[in-house]
Amino acid sequence: IPSPGWLLLCASHGSLSLGFSSSAPNGLLRIPKPTYTVSCFDPVLEPPIITMNTVLSLLALDYPTNKLACYVSDDGCSPLTFYALLQASKFAKLWLPFCKKYNIQLRVPFRYFSNNTNTEDTPEFIQDWLRIKKEYENLDRKILNAAQNSIPLVGEFAIFSNTQRKNHPTIIKVIWENKGLSDELPHLIYVSREKKQEHPHNYKAGAMNVLTRVSGLMTNAPFILNVDCDMYVNNPKIIQHALCILLDSKGEKEVAFAQCIQQFYDGFKDDPFGNQLVALFVYLGGGVAGLQGVFYSGTNCLHRRKIIYGISPHVHDIQNGNKDHGITNGKFSGNKKIFGTSREFVESATCALEGKTNTPTNNLCNFLEAASEVASCKYEYATAWGKQCLEKINSAE
């Protein structure tokens with residue numbers, strides 16, 4: 001059962017809010033640029049329409065779209081997932097304006113359209129509601145038909161020829177690139193990392209390593225939100241709420257990530273089987289809040305990029321040095337031993353560690369060759385990936 005809701009878990013009480021205004025001088029320029037990552041691996045066990053609903057709920061968040069980027073990791077290298085993402089991007093061009101025009105709160109289509117319109121709704125709203133619902137039903141039908149019939153591997157699908165789930169090259173596709181306009185879709189990128197049967201791929205941990213490197217090259221946002229493909233957002237301002245914790249004067253020095261617990265819909269009343277994991281996340285999680293905080297649950301979490309790279313939250317002045325990353329007099333040395341042999345990625349990682357996360361160009365396609373290199377199955381050998389950087393290979397999934 002897909003898990004809809006996210007409840008922000010933190011040790012503070014009261015209302016959190018982060019506001020921004022396009023009329024404020026340079027206000028939008030100072031807004032952080034979050035990156036979204038969505039992980040999927042099997043279009044049979046994880047129906048693509050569910051994954052696309054997750055993606056759509058992220059694309060439609062109440063945040064300037066020219067500040068966002070969404071990366072979808074397909075660990076199954078499925079042309080069906082790529083096809084579904086192409087179709088979902090077309091629907092998103094209708095869905096986002098509709099959500100923002102009417103201030104829709106539940107921005108996942110299959111849940112939103114499961115309810116009927118209200119008799120008090122205006123004729124204009126009802127007309128738009130029916131039109132968008134019809135378009136969503138068309139999207140659902142197209143993806144279902146594609147799942148039942150083989151997708152012709154021609155044109156942009158030709159790269160999927162002769163591929164297997166555990167044996168295929170890197171495939172990275174820029175499905176949509178935002179040209180700096182707030183009324184467009186966010187960046188949307190498809191990523192399927194290279195896999196070879198003789199090389200361990202380390203499952204989700206390995207996929208997240210690749211997403212971190214690819215996103216670091218292409219957009220290098222200071223915050224990364226990771227989401228499983230069957231999770232959707234039920235609060236369009238969740239990013240603002242999480243950033244309130246991460247950007248707080250105290251949190252900026254002490255907080256590595258802000259995460260939301262899972263809330264499952266359509267469950268039994270009173271949750272007799274404990275599916276909502278209340279004891280784990282609410283009681284135990286709250287109990288360890290003062291003991292370095294809760295553990296990372298693996299999804300629905302907004303991370304600091306520099307933390308993933310191995311720098312503690314309180315490290316701001318690199319002039320004082322950091323032995324783990326070879327920082328001497330403000331200069332990074334030995335980063336190839338940590339981050340790998342890609343010059344472009346080492347430069348982007350160094351910028352992230354220094355707090356300089358702006359990407360020098362808006363043309364994402366310029367990064368495809370370098371991104372393919374850091375997504376190869378051999379890239380992590382003799383580096384700190386899986387040891388100091390991001391996911392521990394032997395960590396529990």
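A single member of GLU344, GLU391, GLU397 is among the acidic types (Asp, Glu) and at pLDDT 85 or above, and it is GLU344.
Does VAL255 satisfy being out of contact with any strand residue (DSSP E or B) (no Cβ under 7 Å at 6 or more places or on another chain), at pLDDT below 90, of a type in the set (Val, Ile, Thr) and buried (at least 16 other Cβ atoms within 10 Å of the Cβ)? Spelling it out, VAL255 is indeed out of contact with any strand residue (DSSP E or B) (no Cβ under 7 Å at 6 or more places or on another chain), at pLDDT below 90, of a type in the set (Val, Ile, Thr) and buried (at least 16 other Cβ atoms within 10 Å of the Cβ). Within the stretch 176-195, the set of residues being aliphatic (A, V, I, L, M) and surrounded by fewer than 18 Cβ atoms within 10 Å (Cβ to Cβ) comprises just one member, LEU181. Does the stretch 196-203 contain at least one residue that is surrounded by fewer than 18 Cβ atoms within 10 Å (Cβ to Cβ), at negative phi, modelled with pLDDT of 90 or more and touching a helix residue (DSSP H, G or I) at 6+ places or on another chain (Cβ under 9 Å)? No, the stretch 196-203 has no match at all. Selection of helices (runs of 4 or more DSSP H) fully inside the stretch 37-128 by the criterion of at least 2 residues being closer than 19 Å to VAL174 by Cα and among the hydroxyl-bearing types (Ser, Thr, Tyr) returns 48-59, 79-101. Being among the small types (Gly, Ala, Ser) and under 22 Å from CYS99 (Cα atoms): is that true of SER192 here? Taking the combined requirement at face value, the residue does not satisfy it. Confirm whether LYS173 is of a type in the set (D, E, K, R) and either at positive phi or under 18 Å from the mean Cα position of the chain (by Cα) (or both). The answer is yes for LYS173.
In summary, GLY286 fulfils each of the numbered conditions (1) modelled with pLDDT under 85; (2) assigned to a loop (DSSP other than H, G, I, E, B) with the single exception of condition (2).
The values are calculated or read from the model by the stated rules, or taken from the named source; none is laboratory data. This is a predicted model, so every value here is computed, not measured. With ideal geometry, Cβ positions are generated from the backbone for all residues, glycine too; neighbour counts draw on all protein chains shown.
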